[in-house]
1. Looking only at the stretch 282-301, decide whether some residue is of a type in the set (A, V, I, L, M), surrounded by fewer than 23 Cβ atoms within 10 Å (Cβ to Cβ) and part of a helix (DSSP H, G or I).
2. Which pairs have Cβ atoms under 6 Å, sit 6 or more apart or on different chains, and link a residue in the stretch 271-287 that is in contact (Cβ under 8 Å) with a residue 60 or more places away in the chain to one that is among the small types (Gly, Ala, Ser)?
3. Test Gly159 against the criterion of being closer than 14 Å to Leu245 by Cβ and either at pLDDT 95 or above or assigned by TED's automatic domain parsing to the domain that holds Asn254 (or both), and give yes or no.
4. Restricting attention to the stretch 328-344, does a residue exist that is more than 17 Å from Leu416 (Cβ to Cβ) and among the charged types (D, E, K, R)?
5. In the stretch 381-394, is there at least one residue being within 21 Å of Phe420 (Cα to Cα), at pLDDT below 90 and not assigned by TED's automatic domain parsing to the domain that holds His174?
6. Is one or more of the residues making up the stretch 139-151 hydrophobic (A, V, I, L, M, F, W, C), surrounded by fewer than 18 Cβ atoms within 10 Å (Cβ to Cβ) and either closer than 18 Å to Trp232 by Cβ or modelled with pLDDT under 95 (or both)?
7. Which one of these does Trp183 not meet: (1) outside any helix (DSSP H, G or I); (2) surrounded by 23 or more Cβ atoms within 10 Å (Cβ to Cβ); (3) of a type in the set (Phe, Trp, Tyr)?
8. For the structure I just gave you, tell me whether Arg112 is of a type in the set (Lys, Arg), at pLDDT 75 or above and farther than 30 Å from Ile276 by Cβ.
Amino acid sequence: MARRRSLAGGAAAAVVVLAAAAAAFLSLLDGAAALHLCTDRLFNGTQGRHSDGLPHLNQAEEATWMGLLPRRAGPRDELDWLALYRSITRGGGDVGGEPAGFLSPASLHDVRVDPYGANMYWQGQQTNLEYLLYLDPDRLTWTFRQQAKLPTVGEPYGGWEAPDGQLRGHFTGHYLSAAAHMWASTHNDALREKMTKVVDILYSCQKKMNTGYLSAYPESMFDAYDELAEAWSPYYTIHKIMQGLLDQYTLAGNPKGLEIVVWMTDYFSTRVKKLIQEYSIQRHWEAINEETGGFNDVMYQLYAITKNQKHLTMAHLFDKPCFLGPLGLHDDDISGLHVNTHVPVIVGAQKRYEVVGDQLYKEIATFFFDVVNSSHTFATGGTSTMEHWHDPKRLVDEIKISSNEETCATYNLLKLSHPFHQTR
């Protein structure tokens, strides 16, 4: 059931401003209704859910909210990134300034775990380091080389990275992120050599294809996505690859990581631009109604480095309005949604506040975090059952089901909680 929270005293004026902005965000659309319509189009029907008494809408019904959004992409023959950004921003506003009062975390390069004073943590770090050193760069990039029609070396990994897996490539992105963080924390030379080799191979794959595209699967996956056909979350995988490469630049100082991500963004911005010009902005909103990971988050991070308007617009285009809008109105009706589809979008919302100073997005992230912690979290700190949120008044029923507390959701909630220590 939707719930409104009120704030008293000096915060009242801020709430009025935020409510007005959020209302513009959704126009005349009722927030709770929009949220029920905001479901992963790959999880329609009852797939992945048990009977919770909530409405589950079909694809045609999910699309109805989009026609109510007062957003236009501009002339069909020309798409200017600044004009598009203004057209999808509340009130046509410009970019805000960086918010004041941030705390600066200590650099990982300046912190070391004491093998004697904190032995348990040092052992945990060493276990992770040993695993990262165990992984083979040639096997991690096998499917990328295959896609780029470059000679493959050795044998591919199985599981998520199997050559026929629809999410292949995303584990390699995770590896690059983990390796970058680990190297910053240890400056281990062997790890730096291995992760640099992975980046070099991906660099050569992108150069070979010569379009900016980089993935372990063909572009036809994105063709299916654009056509609203079934494609298992291609932007989810691209987010992981981009994030890993960007971490290699920001944490390990590898300029190739940034170069690859910028060229990838050129490619995908062209795809998004074409989709909007050939159809409409509403068609884009409908296409992202699936698991796109933290694509908005990595685009905001990229914009913070490049200050390129295209990168900011791409980030905002992947802010999911049917999800963020109701939260901006303090509607907590998240029941029925696929958890790990939506938590990364909130991480991106928080990043928008950090990068451009959009106060509404800080309010959205804070409200969401409070709702999940108060109404959708088990005593052990995890959330989700069968990867979804359900009726918060019947949380006890979720304990009876073994498939709960997905690790992905826990990780992303921890990722969301970190900036609150810097901004609250």
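The values are calculated or read from the model by the stated rules, or taken from the named source; none is laboratory data. The shown structure was predicted, so the numbers you read here are calculated from the model rather than taken from an experiment. Cβ atoms come from the backbone with ideal geometry, glycine included; neighbour counts cover every protein chain shown.
1. Yes, some residue in the stretch 282-301 is of a type in the set (A, V, I, L, M), surrounded by fewer than 23 Cβ atoms within 10 Å (Cβ to Cβ) and part of a helix (DSSP H, G or I).
2. Filtered contacts from the stretch 271-287: Ile276/Ala73; Ile281/Ala73; Glu286/Ala63.
3. Answer is no for this residue.
4. Yes, the stretch 328-344 contains at least one residue that is more than 17 Å from Leu416 (Cβ to Cβ) and among the charged types (D, E, K, R).
5. Checking the stretch 381-394: at least one residue is within 21 Å of Phe420 (Cα to Cα), at pLDDT below 90 and not assigned by TED's automatic domain parsing to the domain that holds His174.
6. no
7. (1)
8. When the stated conditions are applied, Arg112 passes them.
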